[in-house]
Amino acid sequence: MAGSPAGRRGGYGTSVTKRLDLTREQILGYRRVVGALDERLPPGAGSLRTAAWAGLQDSMPRAALLSIHARVEGTRPDTWADPALVQVWGPRFSAYAVSAEDRAIFTLGRLPEDAAGLKRAVGTADRLEAFLDGRRMSYAEAGRGLGIPPNALRYAAPTGRVLIHWDGARPPTVWTVPQPDVEPREARNELARRFLHAFGPSTPTGLANWAGIKPPRARAAFEDLARELTPVHTPIGDAWILTGDEAGFGTAEPARTDAVRLLPSGDTWYLLQGIERELLVPDAAHRGLLWTSRVWPGALLVGGETVGTWRRAGETVSIQPWRRLTAREREATETEAASLPLPGLAGRIHVRWDAEATASTS
């Protein structure tokens with residue numbers, strides 16, 4: 001967030017001379033509430049759409065399912081396949097589960113505007129549609145049939161014409177659908193709104209990093225939304241929020257929560273880059289344990305703070321806390337682990353507690 005422009009029509013928007021000051025506690029409290037992490041939502045299609053408001057990354061097998069479980073009561077092993085959801089190659093061409101109603105936002109919202117990028121996206125979609133001719137097929141087989149690397153099919157995703165089905169065990173299945181009847185610019189601006197609602201406060205750079213779009217497109221989205229934005233100052237720099245979300249940040253420090261959540265790799269809670277990670281996890285040593293150079297572990301959320309990491313192998317969930325947990329917190333964590341709605345397990349989930357990681361002293 002650092003280095004954001006200030007005083008230029010309020011950064012983005014009508015002339016503003018004073019920025020709203022937000023504390024770390026207010027920001028994290030807001031993100032937990034809008035992310036349904038303090039209190040789970042009731043079962044139903046509406047709750048699934050709310051849980052997937054900024055999309056649910058599903059690049060790790062069944063990560064989207066575990067993200068839903070952290071937010072929606074009654075999540076079952078097959079909830080990820082609910083008709084209210086579809087899978088697409090979404091932000092940064094990662095596998096995502098999104099609301100079927102919102103397919104255009106996470107696809108057309110990322111459609112390239114430059115001639116070469118647009119030609120590649122539309123051309124790949126046209127070739128795939130002609131080759132499939134109404135069929136559903138493994139993306140590996142489809143790629144071979146077209147004579148291109150299967151991963152190159154992802155370039156067609158921003159047209160909104162490609163859906164995928166990935167169960168985590170086999171290569172994804174692909175098929176084509178009609179392009180959504182939404183203007184790409186409208187979809188891009190709504191994508192920016194979704195980003196700010198879930199990740200705010202943030203900046204055009206944050207949007208570009210998250211969505212995998214070029215910085216000029218992110219800046220253009222902020223310019224289009226200028227009248228909907230409020231400039232704020234945070235502990236890590238100047239940024240913007242949606243004006244409609246201002247009340248959600250409140251003026252007092254948010255109440256503490258006793259909720260415990262095991263969030264999967266790539267969950268929206270910590271899908272952050274650069275300096276924005278410092279706000280979520282102030283300790284540099286702990287940041288290195290959460291955002292690794294390889295596959296990220298899951299995040300342990302206790303009492304509104306990220307306090308450790310976790311991984312799973314079969315029925316064993318290994319948890320590495322960053323601080324000493326109370327007996328009640330450990331019990332609640334083990335209960336949460338036992339409730340994970342993972343398919344195909346041979347037995348009950350049990351927790352293995354790894355040694356506590358110590359905070360840096362620098």
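The values are calculated or read from the model by the stated rules, or taken from the named source; none is laboratory data. Please read all numbers here as calculations on a predicted model, not as lab measurements. A quick note on method: Cβ atoms are made from the backbone with ideal geometry, for glycine too, and the neighbour counts reach across all protein chains shown. For accessibility, only protein heavy atoms count, side chains too; no ligands or nucleic acids. Shrake-Rupley method; radii C 1.70, N 1.55, O 1.52, S 1.80 Å.
Quick notes
- Dipole check for the chain: with +1 at the C-beta of Lys and Arg, -1 at the C-beta of Asp and Glu, and the Cα centre as origin, the magnitude is about 780 Debye.
- Solvent exposure, largest accessible area first (probe 1.4 Å, DNA, RNA and ligands not counted), of Met60, Met137: Met60, Met137
- Nitroxide proxy distance, nm - points 7 Å out along Cα→Cβ at Ala152 and Ala81: 3.2 nm
- Assuming charge only on the beta carbon of Lys and Arg (+1) and of Asp and Glu (-1), the dipole of the range 87-215 about its Cα centre is about 340 debye to the nearest 20.
- The C-alpha radius of gyration of the chain, expressed as a fraction of 2.2 N^0.38 Å, stands at 1.01.
- Summed residue charge, Cβ within 15 Å of Pro321's Cβ, Lys/Arg positive, Asp/Glu negative: -1
- Between Asp181 and Phe131, the distance separating the two model label sites (each 7 Å from Cα on the Cα→Cβ line) works out to 3.0 nm.
- Karplus-derived HN-Hα couplings along the range 219-226 (A = 6.51, B = -1.76, C = 1.60, θ = phi - 60°), whole Hz, x at Gly and Pro: 5, 5, 5, 5, 5, 4, 8, 3
- Rolling a 1.4 Å probe across the protein heavy atoms gives the range 56-149 an accessible surface of 43 Å² per residue.
- Applying the Karplus relation 6.51 cos²θ - 1.76 cosθ + 1.60 with θ = phi - 60° to the range 133-149 yields 3J(HN,Hα) values of 6, x, 8, 10, 8, 4, 5, 5, 5, 5, x, 5, x, 8, x, 10, x Hz, where x marks Gly and Pro.
- Ordering Pro178, Leu225, Ile213 by the projection of their Cα atoms onto the charge dipole of the range 136-268, which places +1 on the Cβ of Lys and Arg and -1 on the Cβ of Asp and Glu, puts Pro178 at the extreme positive end.
- Integer Hz, Karplus 6.51/-1.76/1.60 couplings in order for the range 277-289, x for Gly and Pro: 5, 5, 5, 6, 10, x, 7, 4, 5, 5, 4, x, 7
- The mean sequence separation of alpha-carbon pairs under 8 Å and at least six residues apart, normalised by the residue count of the range 211-252, gives a relative contact order of 26 percent.
- Placing dummy labels 7 Å off each Cα toward the beta-carbon, the span from Ala247 to Asp354 is 4.4 nm.
- Accessible area per residue (1.4 Å probe, heavy atoms of protein chains only) ranks Val174, Val122 as Val122, Val174, with the largest value leading.
- Of the whole protein surface, Glu141 contributes about 90 Å² of accessible area at a 1.4 Å probe radius.
- Computed over protein heavy atoms with a 1.4 angstrom probe, the accessible surface ordering of Val182, Val302, largest first, is Val182, Val302.
- In the chain, helices alone account for a calculated mean residue ellipticity at 222 nm of -9000 deg cm²/dmol, with every DSSP H run of four or more residues adding -39,500 (n - 2.57).
- Its alpha carbons give the range 148-306 an Rg and a Dmax of 18.2, 56 Å.
- The mean sequence distance of close C-alpha pairs (under 8 Å, at least 6 residues apart), as a share of the length of the chain, puts its relative contact order at 20 percent.
- Using Cβ point charges alone (K and R +1, D and E -1), the dipole size of the range 199-270 about the Cα centre works out to roughly 260 debye.
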